[in-house]
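Have a look at the structure below, then the notes.
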């Protein structure tokens, strides 16, 4: 669901940048109340996991389309809405800057569509349900599935609305909506399954993480080493190996564009769009998760003439490097928030 710059106008892009920046600032302020140093490593490793997981597109049977994990609901459940939103913003920034996945002008749209609805709409709804009832594996499955479906449907609708407000006549509102909503309903089912699997594992390994996050409590002192180690190993495997098995079918957004406008990409307008595109070309050292100027490495797994699974050094390095940078950025944000909180506490004392 990563939007390219060609899909939005500067006005819509600027407005969504402002909206997302405002939510980030609010999250930084609020997260100081419920984050402790003990949870900062989890922010980093979960950011890296979501980065790696988003590299893997899974086929949607019978459609010729594919989807990938959004991850916002997973981050919210494990980290809380504020830390989850900041971690998602970190993931999307790394993707846009260094891998040319999602436009720079569209960054605010992508953060809002993939982060806001999961962290500040779906999460509060399911949180009320969870805090009043005993947590079980069946309940985790049900809530993960329902919240993922809600999040993907709201995100897909937001994409359609943003293109409409941007005046993209190639994508008429009614037709585009007709394709976007059903395909993201299917993607939401897989999203729910993955979310349920990860949350269930963490709940069984360290139920305190889930309990404290859902009840809005600060982290107590307990070891997350086992959970973080397992998640880190899975992240390396997902980004470095499982990414070879990604589907080459267009994702839900591209597929909907193809069905609506007959093409998966719109022509990039001149002016600001072109300038930002040039900047992104310079900053993205592994565009499309492959080496620059190397067609065989940059080609998507499963494309015509390409073996499947597509064993690619470029893809593996992209998964490792991207995951590591995301881990550092998300962890750094958590560390800085913790530093600000400690400084305020010293001033108060």
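The values are calculated or read from the model by the stated rules, or taken from the named source; none is laboratory data. What you see is a predicted model, and the numbers here were worked out from it, not measured in a lab. In this analysis, Cβ positions are derived from the backbone assuming ideal geometry, glycine residues included, and neighbour counts consider all displayed protein chains.
Points to keep in mind about this one:
Rundown of residues vs (1) in contact with a helix residue (DSSP H, G or I) (Cβ under 7 Å, 6 or more places away or on another chain); (2) buried (at least 24 other Cβ atoms within 10 Å of the Cβ); (3) modelled with pLDDT of 85 or more; (4) not in a loop (DSSP other than H, G, I, E, B), yes/no style:
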| position | (1), (2), (3), (4) |
| --- | --- |
| 6 | yes, no, yes, yes |
| 15 | no, no, yes, yes |
| 24 | yes, no, yes, yes |
| 30 | yes, no, yes, yes |
| 43 | yes, yes, yes, yes |
| 46 | yes, yes, yes, yes |
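- Segment 6-25, residues that are within 11 Å of residue 162 (Cα to Cα) and within 17 Å of the chain's Cα centre (by Cα): 16
- Selection count, segment 86-100, where residues are buried (at least 23 other Cβ atoms within 10 Å of the Cβ) and outside any helix (DSSP H, G or I): 0
- Condition met for residue 19 (modelled with pLDDT of 95 or more, outside any loop (DSSP other than H, G, I, E, B) and touching a helix residue (DSSP H, G or I) at 6+ places or on another chain (Cβ under 7 Å)): yes
- In segment 56-81, the residues that are buried (at least 24 other Cβ atoms within 10 Å of the Cβ) and assigned to a loop (DSSP other than H, G, I, E, B): 57, 69, 70, 71, 80
- Annotation note: Cβ proximity below 7 Å between a residue of segment 331-349 that is over 13 Å from residue 29 (Cα atoms) and a residue that is at pLDDT 85 or above (sequence gap 6+ or interchain) occurs for 331/41; 331/43; 331/44.
Results for (1) surrounded by 17 or more Cβ atoms within 10 Å (Cβ to Cβ); (2) in contact (Cβ under 8 Å) with a residue 12 or more places away in the chain; (3) assigned to a loop (DSSP other than H, G, I, E, B), shown as yes or no for each residue.
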{"position": "234", "(1), (2), (3)": "yes, yes, no"}
{"position": "237", "(1), (2), (3)": "no, no, no"}
{"position": "244", "(1), (2), (3)": "yes, yes, no"}
{"position": "253", "(1), (2), (3)": "yes, yes, no"}
{"position": "260", "(1), (2), (3)": "yes, yes, no"}
{"position": "264", "(1), (2), (3)": "no, yes, yes"}
{"position": "269", "(1), (2), (3)": "no, yes, yes"}
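- Qualifying residue in segment 143-151 (condition: surrounded by 15 or more Cβ atoms within 10 Å (Cβ to Cβ) and under 19 Å from residue 263 (Cα atoms)): no
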